[in-house]
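All remarks here apply to the structure that follows.
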Amino acid sequence: MNIDLLFTKEGEAGLVCAGNLIKKAAGALLDTSGGLLTLEYVDMDFTEMNIPVDSAFFPMLDMCARIHIGAVQDGQISQAYQIPLMFLDDPYRGQSLGMSPDSAKPLQAFEHFIRRCVAGQPVSRMDLGDEDSMGCVLGDSSPASLDFAPHLARRHAQELSVGPRHVPGYAGPGLGGGGGSAARGKVRGTKSDEGKKSGD
């Protein structure tokens, strides 16, 4: 499956998939020695991503106890929740960061995240030889214009109707400085923005 790792300028991170995961992910594991991410599922199965994470993103990921995971299909958000992020070389990192509980409003939290994404990179592609697939999984869809698919729209409306609407972002550094990479790029919802070197 095609999957991107995206970031907001505040350092909030998420994995955005081109389709719904068949099994629910229980967590993500980052191996900083090679930069590869692995998704672990509730049934103890796992999927290893096939594109290394740029090391310039490691400091931002190190500030994230949890990351978003979601899917966007045909310009609609079709899956959204949060999972713990673990580092292979630091199994106690979650304890030191103070593991936050699951969001009571996961759809609202993902919407808040996806609408503010500014940079990222691909972390998994079904066909690594297909240059056309290296564009953002959002395709021509603008992050700010995404709506929820019908099966999630009612749940999203229920989240909005209960309690305050503010969803705090994750504390973390901005995206300034750092080395560039051909895999990094701004998130604009178009393939032409992918593959650019960026220091954003």
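Summary table
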{"item": "The range 1-130 - Rg and Dmax from Cα coordinates, angstrom", "result": "13.7, 41"}
{"item": "Protection proxy ranking, peptides 77-83, 36-42, average beta carbon neighbours within 10 Å, highest first", "result": "77-83, 36-42"}
{"item": "Fully extended contour minus Cα-Cα distance, from Asp90 to Ala144, at 0.36 nm per residue", "result": "15.9 nm"}
{"item": "Segments 118-128, 63-73, 46-56 sorted - mean Cβ within 10 Å per residue, highest first", "result": "63-73, 118-128, 46-56"}
{"item": "Gained length - Asp132 relative to Arg115, 0.36 nm times residue gap less alpha-carbon distance", "result": "3.7 nm"}
{"item": "Translational diffusion of the range 14-89, µm² s⁻¹ [Kirkwood Rh, Cα pairs; Stokes-Einstein; 10 °C; 1.306 mPa s]", "result": "123"}
{"item": "Calculated from backbone phi, Karplus (6.51, -1.76, 1.60) coupling profile of the range 154-159 in Hz, x at Gly/Pro", "result": "5, 4, 5, 5, 5, 4"}
{"item": "For Val123, distant residues with modelled amide H under 5 Å away", "result": "Ile3, Asp4, Leu5"}
{"item": "Those aspartates and glutamates that a straight Cα-Cα span of less than 17 Å connects to Lys23, excepting residues fewer than 8 apart in one chain", "result": "Glu40, Asp43, Asp45, Glu48"}
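FYI, it's all coordinate maths here, none of it is from the lab. Keep in mind the model is a prediction, meaning the values are calculated, not measured. Positions of Cβ are backbone-derived with ideal geometry, glycine not excepted, and every protein chain shown enters the neighbour counts.
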